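> Sharing a structure here in structure tokens format.
The values are calculated or read from the model by the stated rules, or taken from the named source; none is laboratory data. Since the structure is predicted, the reported quantities are computational estimates derived from the model, not experimental observations. When we count neighbours, we look across all protein chains shown, and the Cβ atoms used for this are built from the backbone with ideal geometry, even at glycine.
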């Protein structure tokens, strides 16, 4: 009889334990974002800005938000990890569970298509009308982030992808007069550097090679043909694309040993081990900022920049933006955040710290110096093309397929297979 | 009533875990297999039943071949390496080394570390920079005049290098298993063999090793299933790069980057099946053995 009792009570305890776990978990999720002690409502802002510079920019924007909206408190739901890999995986589970953050960061453009198709995002066209945003953002930008005439995100900043970073001293030593302007000049310069025994072109992990590919595609094809690649029915099998990919293969012959990520690759240029590196303009902050956050190098002497070969006059852009998920617990709070993110004040507070330029045309020019002044000037005058690796031109499945093909190419060096793979990826994913 | 009294308490005790395992292991497995047999290639679509189509289609993809090959190379090197090294360590310990307890602890410690931490350290150790750019092992090799390697970035043998951290981490555990096995061999048996004129090598060859077979098999199963599922170590060392792609990483990319649940489920099914090839014969074998006893 006693054994009986013991067994029954253990069973009861474990069943109770189970339900308690379930209950506890539920409560926690319900509690975390919205309720707050002082009667204030929380606004859960989901981003991947945790690094030096970007976290400071977010904090600056947060301060403006909290000053303007005393009834809301800012809940920072940032997830660490470059270009949002881990953040996006977590976001995916949150969206599927129907517990979205109040607003989340995403690259403006095609990257958001999946969320839009799944019905996760609210149309923000009315917000654009209310704040007259279509007048302050460049028309081409508005066009490139519109999906069937609707806009689903508010771009906070603009980064440039097609930047050629180089070490002037290494170039001088190799007898290269200046930054190469065309692909042919680039290959010639790489050859000269190679003869001197330095690394001609530094690269990082595989995504940095896709990043390089987009600049080479743009430089070989020209802006219009490049942009046409992402329209429905585009021809990735054309001889022009073949030439571009052959250029890419040629350039890759000069690439050094792959580094762990983009920072060590950029550092090779800064340290004078390598001559060139093609990376987005977030590298500027890394080169320029004082140690801890950066390398503390002097611009124009320790490192210099130019548009990637063949891409002068085109701004291969990408942009971080904020969205309004359907079913956000604090929709009004999220809208208040979006208004700050869209405002001149918000963007001018965020961008100088983040090392990017504002998406708005009416920014305070004096805040942006050195590289950023160049970028701001080009942004207002250049043609625009959307980045592949950073979510503007292609949606997430398409990008995954392109990265896969580039990764396979690194093993096989087979241009034909690469082109076929890219063409298949386009057919499977273009819309 | 009397009968119920004998079996009911036992049943009540295990009921919670039967329910939990039923739902969270077998239920989920079943769900995964069902998903793998649909054409739910994005999160939105309903997914129609397509049978084994996904399981066949995946063999058309160059990346799948690559990741399977990587998994095989990794498994062979890791399992053999850990078995041999673990056995060797146990053998030395068994010979009555001084301070055995200390050594045992030292060799067992790596197992307490997570694969992620191991991976981050070994990413630095196995950095592929050479000569003046060398760090980690290449720096050491350079200093003592050994050839420097590309390590996990080597196109052909990268996955063999990737197995090194795993061997480092798990061979202590294998050592512990073997040591227990060695200790389980009765001294009388060895003495009997020696009396019969067996030399020391012969004692091991004909007496100890055959008695270690069950331990070896357990170690093989444990290492094999870890190896086929390996994910955290690869991601910590190299991220999700094709050059070190394995099925588990491919699965992650399929679900979270390609947004293709059916493909992810297909890869997951293949991983489960490949582990099952290891585990099921072992289960059958051990059930039979128990019956015999």
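> So if I check each of A:327, A:346, which one is out of contact with any strand residue (DSSP E or B) (no Cβ under 8 Å at 6 or more places or on another chain) and crowded, with 24+ Cβ neighbours inside 10 Å? Please lay out each step first, then the result.
Working: A:327 fails: crowded, with 24+ Cβ neighbours inside 10 Å.
Exactly one residue qualifies, and that residue is A:346.
> Another question, if that's okay. Taking the range A:95-111, which residues are surrounded by fewer than 23 Cβ atoms within 10 Å (Cβ to Cβ) and touching a residue at least 40 places away in the same chain (Cβ under 8 Å)?
Within the range A:95-111, A:95, A:98, A:99 meet the criteria.
> When residue B:54 is evaluated against the numbered criteria (1) assigned to a loop (DSSP other than H, G, I, E, B); (2) closer than 27 Å to residue A:95 by Cα; (3) more than 13 Å from chain A (Cβ to nearest Cβ), which criterion, by number, is the only one it fails?
(1)
> Return the residues of the range A:310-323 that are outside any strand (DSSP E or B) and closer than 13 Å to residue A:375 by Cα; say none if nothing qualifies.
A:312, A:313
> Go through the range B:127-160 residue by residue and tally those that are under 22 Å from residue B:247 (Cβ atoms), assigned to a loop (DSSP other than H, G, I, E, B) and within 12 Å of chain A (Cβ to nearest Cβ).
Qualifying residue count for the region: 3.
> State which residue pairs qualify: first residue in the same structural domain as residue A:281 (by TED's automatic domain parsing) and inside the range A:50-62, second residue part of a loop (DSSP other than H, G, I, E, B) in any location, beta carbons under 6 Å apart, and separation of 6 or more residues or different chains.
Short answer, once both residue conditions are applied: none.
> Would you mind finding the one in A:315, A:226, A:284 that is buried (at least 16 other Cβ atoms within 10 Å of the Cβ) and farther than 25 Å from residue A:429 by Cα?
That would be A:284, the only listed residue that is buried (at least 16 other Cβ atoms within 10 Å of the Cβ) and farther than 25 Å from residue A:429 by Cα.
> Kindly evaluate residue A:91 against the criterion of being modelled with pLDDT of 60 or more, closer than 30 Å to residue A:296 by Cβ and either more than 14 Å from chain B (Cβ to nearest Cβ) or assigned to a helix (DSSP H, G or I) (or both).
Criteria not met by residue A:91.
> Read through the list (1) in a helix (DSSP H, G or I); (2) within 14 Å of chain A (Cβ to nearest Cβ); (3) in contact with a helix residue (DSSP H, G or I) (Cβ under 6 Å, 6 or more places away or on another chain), then give the number of the only condition that residue B:93 fails.
So the condition that residue B:93 fails would be (2).
> Please find, within the range A:229-239, the residue that is modelled with the lowest pLDDT out of those that are buried (at least 17 other Cβ atoms within 10 Å of the Cβ) and more than 23 Å from the chain's Cα centre (by Cα).
A:234
> If you take the residues in the range B:15-49 that are part of a helix (DSSP H, G or I) and at the interface with chain A (Cβ under 9 Å from one of its Cβ atoms), which one is surrounded by the fewest Cβ atoms within 10 Å (Cβ to Cβ)? Don't jump to the end; show me each part of the working.
Taking the range B:15-49 first, the residues part of a helix (DSSP H, G or I) are B:15-36.
From what's left, at the interface with chain A (Cβ under 9 Å from one of its Cβ atoms): B:15-17, B:19-20.
Numbers: B:15: 14, B:16: 17, B:17: 10, B:19: 14, B:20: 13.
The qualifying residue surrounded by the fewest Cβ atoms within 10 Å (Cβ to Cβ) is B:17.
> Looking at A:339, A:329, which one is in contact (Cβ under 8 Å) with a residue 40 or more places away in the chain and not in a helix (DSSP H, G or I)?
On the way: A:339 fails: not in a helix (DSSP H, G or I).
Result of the check over A:339, A:329: A:329.
> Just for the range A:143-191: of the residues that are part of a helix (DSSP H, G or I) and within 23 Å of the chain's Cα centre (by Cα), which one is nearest to residue A:112 (Cα to Cα)?
Out of the qualifying residues, it is A:145.
> Can you go through A:265, A:270, A:334 and tell me which one is over 22 Å from the mean Cα position of the chain (by Cα) and either closer than 23 Å to residue A:172 by Cα or in the same structural domain as residue A:106 (by TED's automatic domain parsing) (or both)?
Exactly one of A:265, A:270, A:334 is over 22 Å from the mean Cα position of the chain (by Cα) and either closer than 23 Å to residue A:172 by Cα or in the same structural domain as residue A:106 (by TED's automatic domain parsing) (or both), namely A:270.
> For residue A:406, are the conditions met, namely being within 14 Å of chain B (Cβ to nearest Cβ) and part of a loop (DSSP other than H, G, I, E, B)?
Spelling it out, it is not the case that residue A:406 is within 14 Å of chain B (Cβ to nearest Cβ) and part of a loop (DSSP other than H, G, I, E, B).
> Now for a separate question. Count, please, the residues in the range B:127-156 that happen to be under 27 Å from residue B:66 (Cβ atoms) and free of Cβ contacts under 8 Å to residues at least 40 places away in the same chain.
Residues meeting the conditions: 14.
> Residues in the range B:264-283: is at least one within 14 Å of chain A (Cβ to nearest Cβ) and in a helix (DSSP H, G or I)?
Yes, the range B:264-283 has at least one match.
To keep it simple, each residue is scored yes or no on (1) assigned by TED's automatic domain parsing to the domain that holds residue A:135; (2) without any contact (Cβ under 8 Å) to a residue 40 or more places away in the chain; (3) touching a helix residue (DSSP H, G or I) at 6+ places or on another chain (Cβ under 7 Å).
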site: A:145; (1), (2), (3): yes, no, no
site: A:151; (1), (2), (3): yes, yes, yes
site: A:177; (1), (2), (3): no, yes, no
site: A:189; (1), (2), (3): no, no, no
site: A:197; (1), (2), (3): no, yes, no
site: A:208; (1), (2), (3): no, no, yes
site: A:213; (1), (2), (3): no, no, yes
site: A:218; (1), (2), (3): no, no, yes
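> Kindly evaluate residue B:37 against the criterion of being farther than 30 Å from residue B:159 by Cα and over 25 Å from the mean Cα position of the chain (by Cα).
Details: farther than 30 Å from residue B:159 by Cα: yes; over 25 Å from the mean Cα position of the chain (by Cα): yes.
Yes, satisfied.
> Let me ask another. When the residues of the range A:251-267 are filtered to those that are crowded, with 17+ Cβ neighbours inside 10 Å and over 24 Å from residue B:119 (Cα atoms), which remaining residue is farthest from the other protein chains (Cβ to nearest Cβ)?
A:251
> Restrict the check to the range B:227-243 and report whether at least one residue is away from every other protein chain (no Cβ under 14 Å), closer than 19 Å to residue B:178 by Cβ and part of a helix (DSSP H, G or I).
yes
> Turning to a different aspect of this structure: Go through A:426, A:393, A:373 for me and flag whichever is crowded, with 19+ Cβ neighbours inside 10 Å, away from chain B (no Cβ under 14 Å) and not in a loop (DSSP other than H, G, I, E, B).
Numbers: A:393 fails: not in a loop (DSSP other than H, G, I, E, B); A:373 fails: crowded, with 19+ Cβ neighbours inside 10 Å.
Step by step, each of A:426, A:393, A:373 is checked, and only A:426 is crowded, with 19+ Cβ neighbours inside 10 Å, away from chain B (no Cβ under 14 Å) and not in a loop (DSSP other than H, G, I, E, B).
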